[in-house]
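Report on the structure given below.
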Amino acid sequence: MNFERNLNEYAKLAVEVGVNIQPGQTLLVRSPIECANFVRKVVTQAYKLGAKNVHIEWSDEECTLIKYLNAPEETFNEFPRWVSDQYVDIAKDGGAFLTIYAQNPDLLKNVDPQRVANFQKASAKALKEWRSYTLSDKCKWSIVSIPTEAWATKVFADVSKEEAIDKLWEAIFKCTRIDTENPVEAWKKHNADLKVRTEFLNKNNFKTLRFKSSKTDLSMDLTEGHIWLSGASHDPNGISFNANMPTEEIFTMPHKFKVNGVVYSTKPLVYGGNIIDNFSLTFKDGKIVDYSAEKGYETLGKLIDTDEGSHYLGEVALVPFKSPISDTNIVFFNTLFDENASCHFALGSAYKTCIKDGDKIQDDEMDKYGVNDSLTHVDFMIGSNDMDIMGVTYDDTEVQIFKNGNWAF
Ligand code: ZN
Ligand code: ZN
């Protein structure tokens, strides 16, 4: 199939199924300047569907790096209010957000990790109000990825940069079902397929999940009234959208204080322009009490120390080892893709949509219900082909959920 057709279909999918733009709606697109060609197609599609106004926020990694290497120290302790205010304004007005995520995984490897950590914290604080909209589906949002030279050559290190970009496009088109005859229809079917297993998990209402592989050995209680979610979400008007494209995960909320044992990462985690790899986390009563990492130990430590809530989990997600993204056998160094090829947990805040009447839970009641709150939410991959997961119900019945990395039912 020709590239131009695929590119147009991808832009259409992002606008129609991703943020699902409605007539009269405003869209903010956040994108690296390298992806301008794709963004122009997105803008065209958005107006075709009746968007009122499409705003673009461009970024440039070269400039980001120059800033990290040259700006004064205090720069990284603040985040411009005019940026966070505009996000909140757009969300309040019912606008939608499309993020083109295409990071160079090694961008900040030679930057003082303290600068990176300071800015992560300052931006998370400033964007907390806006994130309260996205975390509870009060506005439509979506994330897609486009190859950039730095990212593609990291994923495919042994070939020329042109070939690397081609290969990454090919993988993206496959994982997002663009290579099917009618991608929009393929996504409708995919969303429906995910719902079947989601319903099984919800019907069983598991009290506890036990994760066991050759390395990982961890017990996790789910919150009472937890809800497994997958695929499409719905905004307050009942309009569907897909927050992540691709998505293969079915996810819910662990109990903040009821996680015990040790979990090992199975894919590298890119965080703040640095790679953390081959790491482990040990939990006692939900809190991380020990950690190790072969690579990126300092960055991992700074992530865990973001705030109190970043010492606890906010998400558990199930993805079979045998699934479209995992089958590509590619390590993407991009969480959007890697998390959808593997079971994963998230450090930090929970999605209130993952618990019954979550929107009614007040900030000071969150601990009581075991709902974690944090400035951050970072997914990390833990699935492997030797992972077994047992579910235990409230009447102590054990149900095998995963056997050797795949669904057991
Ligand atoms: Zn997830
Ligand atoms: Zn997550």
Q | Convex hull (Cα only) mean projected area of the stretch 32-126, reported in nm² to one decimal | A | 7.0
Q. Taking H as built 1.01 Å from N, whose amide H comes closer than 5 Å to the amide H of Phe97, not counting residues under 5 places away?
A. Leu28, Lys140, Trp141, Ser142
(Q) Based on C-alpha coordinates, I'd like the Rg and Dmax of the stretch 188-251, in Å. (A) 14.1, 46
Q. When every alpha-carbon pair in the stretch 205-407 is counted, what percent end up more than 24 Å apart?
A. 37
Q) Which whole-Hz couplings ³J(HN,Hα) result when phi for each residue of the stretch 33-41 is put into the Karplus expression 6.51 cos²θ - 1.76 cosθ + 1.60, θ = phi - 60°, listed in order with x for Gly and Pro? A) 4, 4, 9, 4, 4, 5, 4, 4, 5
Q | Charge dipole magnitude, Cβ of K and R +1, D and E -1 - the chain, Cα centre, debye nearest 20 | A | 700
Q) Pairs Lys256/Lys302; Lys212/Lys356; Lys140/Lys360; Lys109/Lys154; Lys174/Lys352; Lys140/Lys356: which exceed 25 Å Cα-Cα? A) Lys212/Lys356; Lys174/Lys352
Q. If you take the Cα Rg of the stretch 245-321 and divide it by 2.2 N^0.38 Å, with N the number of residues, what do you get?
A. 1.13
Q: May I ask for the net charge around His377, where only other residues with Cβ less than 9 Å from the Cβ of His377 are counted and Lys, Arg are +1 while Asp, Glu are -1?
A: -1
Q.
So with the 1.4 Å probe, I'd like the accessible area per residue for the stretch 90-140, rounded to whole Å².
A. 42
Q. At Asp193 and Tyr394, where each label point lies 7 Å from the Cα along Cα→Cβ, what is the point-to-point distance in nanometres?
A. 3.3
**Q.** Hydrodynamic radius of the chain per Kirkwood, over alpha carbon pairs, in Å
**A.** 21.7
Q: Give me the Debye-computed log₁₀ of I(q)/I(0) at q = 0.16 Å⁻¹ for the stretch 2-175, equal point scatterers on Cα only, no solvent, two decimals.
A: -1.08
Q. Percent of accessible area on the stretch 148-220 owned by carbon and sulfur, 1.4 Å probe?
A. 48
Q) For the stretch 205-407, with only Lys/Arg (+1) and Asp/Glu (-1) charged at the beta-carbon, what is the dipole magnitude about the Cα centre, in debye rounded to 20? A) 400
Q: Please find the FRET efficiency linking Leu69 to Asp364, where r is the Cβ-Cβ separation and R0 is fixed at 30 Å, and quote it to the nearest 0.05.
A: 0.10
Q: Name the residues whose placed amide hydrogens come within less than 5 Å of the amide hydrogen of Thr208, ignoring near sequence neighbours (fewer than 5 apart) on the same chain.
A: Leu222, Val392
Q.
Testing the spin-label approximation: label points 7 Å from Cα along Cα→Cβ at Phe200 and Asn77. State their distance in nm.
A. 5.3
Q: Enumerate the amide H contacts of Met381 below 5 Å, restricted to partners 5 or more residues apart or on another chain; note that Pro and chain-start residues carry no placed amide H.
A: Thr266, Lys267
Q: For the stretch 339-356, take each phi angle, set θ = phi - 60°, evaluate the Karplus expression 6.51 cos²θ - 1.76 cosθ + 1.60, and give the result in whole Hz per residue in order, putting x for glycine and proline.
A: 5, 8, 10, 7, 4, 8, 10, 10, 7, x, 5, 8, 8, 5, 5, 8, 9, 4
Q. Can you give me the relative contact order of the stretch 2-175 as a percent, contacts being Cα pairs under 8 Å and 6 or more apart?
A. 25
(Q) Suppose each label sits 7 Å from its Cα in the direction of the beta carbon; what would the Asp285-Ser214 distance come out to in nanometres? (A) 3.5
Q) For the stretch 327-353 and the stretch 77-103, what is the separation of their C-alpha centers, rounded to whole Å? A) 23
Q. For the stretch 377-400 and the stretch 205-267, what is the separation of their C-alpha centers, rounded to whole Å?
A. 9
Q: Add +1 for every Lys or Arg and -1 for every Asp or Glu among the other residues with Cβ under 14 Å from the Cβ of Ala186, and state the total.
A: -2
Q. Along the stretch 402-407, what does the Karplus equation 6.51 cos²θ - 1.76 cosθ + 1.60 (θ = phi - 60°) give for ³J(HN,Hα), rounded to whole Hz, x for Gly and Pro?
A. 10, 10, 6, x, 10, 3
**Q.** Cross-link pairs Lys41/Lys195; Lys295/Lys322; Lys161/Lys295; Lys12/Lys41; Lys295/Lys403 - those with Cα-Cα distance over 19 Å
**A.** Lys41/Lys195; Lys295/Lys322; Lys161/Lys295; Lys295/Lys403
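The values are calculated or read from the model by the stated rules, or taken from the named source; none is laboratory data. No experiment lies behind these values; they were computed from the predicted model shown. Every residue, glycine among them, receives a Cβ derived from its backbone with ideal geometry; neighbour counts consider all protein chains shown. Remember, those area values only see protein heavy atoms, side chains included, never the ligands or the DNA or RNA. Shrake-Rupley method; radii C 1.70, N 1.55, O 1.52, S 1.80 Å.
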